[in-house]
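So the structure is just underneath, and the comments pick up after that.
The values are calculated or read from the model by the stated rules, or taken from the named source; none is laboratory data. All of these numbers come straight from a predicted model, not from anything done at the bench. Using ideal geometry, Cβ is built from the backbone for each residue, glycine included, and neighbour counts are taken over all protein chains shown.
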Amino acid sequence: MIEKNNAVLLAHLRRNARIKLTAISRETDVPVSTIFEKINGPLRGYVQRYTCLLNNNEIGFSSRATIILKVDKEQKTEIGQHLERHPNVNSLYRINNGYDFLLDVIFERMMDLEEFLEQLERRFRIKHKEVYFIISEVKQESFLSDPETVKLVLEKQQEPKGPAKTASAKRIGFSPIQHRQQPMRRDSLAAPKSRRTAK
């Protein structure tokens, strides 16, 4: 689990990857040198790459859809490679629950998107497909991007699971089973025999 202080730094980068280290330092009260060391040290493994998010409508690509596919088992690898290489496939995922792929596609016109689907069905054996056209974008890439709420997300994940007593019993190596008292022997309940004294 990532440390809270590191997660806050990542949240600043998630919100604005071009933010200056001095600006992060002012908001977090962490020295610039420490932030620099963390970004080039332990935080490096958490970041896949720095990129930019496009306004697709402004650049003329306004037709977008999310598609889920169930394909022929024998062609699954071939279809996956085809979709991975296709320039209009923005994101591609392997999924379960009766389907094989979920893809996000972006085209200039609705006609181009429909042609993409027709070619896909002509070339491969598509058993079933569901197409959901994107009307508007409500939220995107928001997870762990707000420094104010990132601590709440991590605290919820770190809450102890199960009863505290059970957890403490397991920590010290004992099972949380009550100790059973052994029944007392009958002879232990008998009255003690009187001792004879010499006269």
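Go through the residues of region 58-78 one by one and say whether even a single one is on the phi > 0 side of the Ramachandran plot, without any contact (Cβ under 8 Å) to a residue 40 or more places away in the chain and either surrounded by 14 or more Cβ atoms within 10 Å (Cβ to Cβ) or not in a helix (DSSP H, G or I) (or both).
If we filter region 58-78 for residues that are on the phi > 0 side of the Ramachandran plot, which is where we start, we get 60.
Those left that are additionally without any contact (Cβ under 8 Å) to a residue 40 or more places away in the chain: none.
There is no residue in region 58-78 that is on the phi > 0 side of the Ramachandran plot, without any contact (Cβ under 8 Å) to a residue 40 or more places away in the chain and either surrounded by 14 or more Cβ atoms within 10 Å (Cβ to Cβ) or not in a helix (DSSP H, G or I) (or both).
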Practice task
Of the conditions (1) more than 30 Å from N16 (Cβ to Cβ); (2) of a type outside the set (A, V, I, L, M, F, W, C); (3) at pLDDT 95 or above, K73 clears all except one; give me its number.
Solution key: (3)
Handout entry: Residue among I68, I59 that alone is in contact with an Asp or Glu (Cβ under 7 Å, 6 or more places away or on another chain) and either under 30 Å from I2 (Cα atoms) or among the aliphatic types (A, V, I, L, M) (or both)
Key = I68
Handout entry: Residue in region 41-57 that is over 22 Å from the mean Cα position of the chain (by Cα) and surrounded by 13 or more Cβ atoms within 10 Å (Cβ to Cβ) present
Key = yes
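Going by the structure shown, is E155 over 28 Å from I59 (Cβ atoms) and either touching a residue at least 24 places away in the same chain (Cβ under 8 Å) or under 26 Å from the mean Cα position of the chain (by Cα) (or both)?
In short, yes.
With the structure loaded, tell me whether E114 is out of contact with any strand residue (DSSP E or B) (no Cβ under 6 Å at 6 or more places or on another chain), assigned to a helix (DSSP H, G or I) and not small (G, A, S) or whether it fails that test. Before you say what the answer is, go through the steps one by one.
Numbers: out of contact with any strand residue (DSSP E or B) (no Cβ under 6 Å at 6 or more places or on another chain): yes; assigned to a helix (DSSP H, G or I): yes; not small (G, A, S): yes.
When the stated conditions are applied, E114 passes them.
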Problem - Odd one out for N90, checked against (1) within 24 Å of S142 (Cβ to Cβ); (2) touching a strand residue (DSSP E or B) at 6+ places or on another chain (Cβ under 6 Å); (3) outside any strand (DSSP E or B); (4) not hydrophobic (A, V, I, L, M, F, W, C) - result: (3)
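Looking at this structure, is R94 free of Cβ contacts under 8 Å to residues at least 60 places away in the same chain and either within 27 Å of L13 (Cβ to Cβ) or of a type outside the set (S, T, Y) (or both)? Even if it seems obvious, please write down each step before you answer.
On the way: free of Cβ contacts under 8 Å to residues at least 60 places away in the same chain: yes; either within 27 Å of L13 (Cβ to Cβ) or of a type outside the set (S, T, Y) (or both): yes.
Spelling it out, R94 is indeed free of Cβ contacts under 8 Å to residues at least 60 places away in the same chain and either within 27 Å of L13 (Cβ to Cβ) or of a type outside the set (S, T, Y) (or both).
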Fill in the blank from the handout: Per the filter on region 45-57, residues more than 18 Å from E108 (Cβ to Cβ) and without any contact (Cβ under 8 Å) to a residue 60 or more places away in the chain are G45, Y46, V47, Q48, R49, Y50, T51, C52
Handout entry: The lone exception for L102 - which of (1) under 23 Å from the mean Cα position of the chain (by Cα); (2) among the hydrophobic types (A, V, I, L, M, F, W, C); (3) outside any strand (DSSP E or B) it fails
Key = (3)
Problem - Some residue of region 124-134 being under 23 Å from G98 (Cβ atoms), assigned to a helix (DSSP H, G or I) and among the hydrophobic types (A, V, I, L, M, F, W, C) - result: no
